[in-house]
1. What distance in nm separates the two pseudo spin-label positions at ILE140 and SER71, each 7 Å out from Cα along the beta-carbon direction?
2. Between the stretch 1-45 and the stretch 82-112, what's the alpha-carbon centroid distance in Å?
3. Could you give the angle, 0 to 90 degrees to the nearest 10, between helix 2-21's Cα long axis and the longest principal axis of the Cα atoms of the chain?
4. Dipole size in debye (nearest 20) for the stretch 2-150 around its Cα centre, Lys and Arg Cβ +1, Asp and Glu Cβ -1?
5. Using the Cα centre of the stretch 2-150 as origin and beta-carbon charges of +1 (Lys, Arg) and -1 (Asp, Glu), tell me which of MET76, PHE133, ALA59 is placed farthest towards the positive end of the dipole.
Amino acid sequence: MGIAIALHTLAAVIWVGGMFFAYMAMRPAVVETVEPAERGLLWHRTLNRFFLWVWVSIAVLLLTGYWMVFSVFGGMAGAGWHIHLMQGLGIVMMLVFLHVYFAPFRRLRLAIADSNPEEAGRRVGQIRKLVAFNLVLGVIVVLVGSGGRFF
């Protein structure tokens, strides 16, 4: 059980922490220092690396989460409200990520390949809005997951 909790927490920290860093630290620094024509390429390369970690995090979160639900609580019926909320919001986050990865990020990749910085900028803006939404959900999930049983 300790291994499952540790891996589950680590996967959440990697995903939510990565979004926090990208949105709150990297994005403002990029806007201040990188020319608009180069921003799409920088974000493509950065997100390409980060999204590999998100895929791993999603797999770990699902495996460890359901492992704990069925081994500790005996199934969803035995889980508290905070587990249900964490699972529901986590699934929404995963669906948003899947959309980001297979739609705007794919289009960003195509814009980079076509040397189209205007289109790349549009796609980065679209990704930014979806990441902001997912970041809010992720912070709620972390708060619920870490403190929900105490409410």
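Rule-based calculations on the coordinates, nothing more; no lab input. Predicted, not measured: the structure shown is a model, and the values here were computed from it. Neighbour counts are summed over all protein chains in view; Cβ atoms, including those assigned to glycine, are modelled from backbone coordinates with ideal geometry.
1. Each label point lies 7 Å from its Cα, and together they span 3.0 nm.
2. 14 Å
3. 30 degrees
4. Charge dipole of the stretch 2-150: 120 debye, to the nearest 20.
5. Toward the positive end, the furthest listed residue is MET76.
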